[in-house]
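Working notes for the structure below.
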């Protein structure tokens with residue numbers, strides 16, 4: 001009888017250890033799932049194929065709607081032929097990619113040495129993630 005109780009206690013300990021390992025694995029899989037879901041939503045939103053119910057999709061739509069808008073604008077971009085309203089928060093995100101476009105204290109960003117069409121294509125890309133190559137090709141053919 002005593003041997004049977006010891007075998008059962010050993011079996012219970014093994015099952016508890018196995019359950020503990022399964023809980024750890026489940027936790028790791030949940031974390032991975034959330035990471036993959038976040039990346040999927042971001043990619044879907046940037047491709048325009050995401051659903052409107054994700055945070056990333058709504059955020060990208062909001063940023064796109066701010067393109068050349070005075071709403072919340074806090075910096076002007078001086079182009080050769082005009083001045084555009086912009087948003088430091090949106091421009092600052094490009095610093096991640098090595099384009100330090102503005103500092104916190106600047107009120108103007110001077111791009112007057114860049115062709116207007118090219119500058120507008122860059123700004124449009126920053127806001128919408130879409131790049132219109134036709135504008136750039138037309139500008140380069142004019143030279």
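What to note about this one:
- Highest to lowest packing among 81-92, 54-65, scored as the average C-beta count within 10 Å: 81-92, 54-65
- Extending 7 Å from the Cα toward the beta-carbon at both residue 6 and residue 65 defines two label points whose distance is 7.3 nm.
- Quotient of C-alpha Rg and 2.2 N^0.38 Å, computed over the stretch 2-46: 2.08
- Modelled this way, with points 7 Å down the Cα-to-C-beta line, the labels at residue 130 and residue 112 are 3.2 nm from one another.
- Extended-chain gain in nm, criterion 0.36 nm per residue less alpha-carbon gap, residue 31 and residue 72: 11.2 nm
- Computed FRET value (nearest 0.05) for residue 21 with residue 43, which takes r as the C-beta separation and R₀ as 22 Å: 0.10
- A viscosity of 0.692 mPa s and a temperature of 37 °C, combined with the Kirkwood radius over Cα pairs in Stokes-Einstein, give a translational diffusion coefficient for the stretch 3-86 of 185 µm²/s.
Since every read-out is calculated from the coordinates, none of them should be taken as a lab result. Predicted model only: the values in this text are computed from it and were never measured. Glycine gets a Cβ as well: all are built from the backbone with ideal geometry, and neighbour counts include every protein chain shown.
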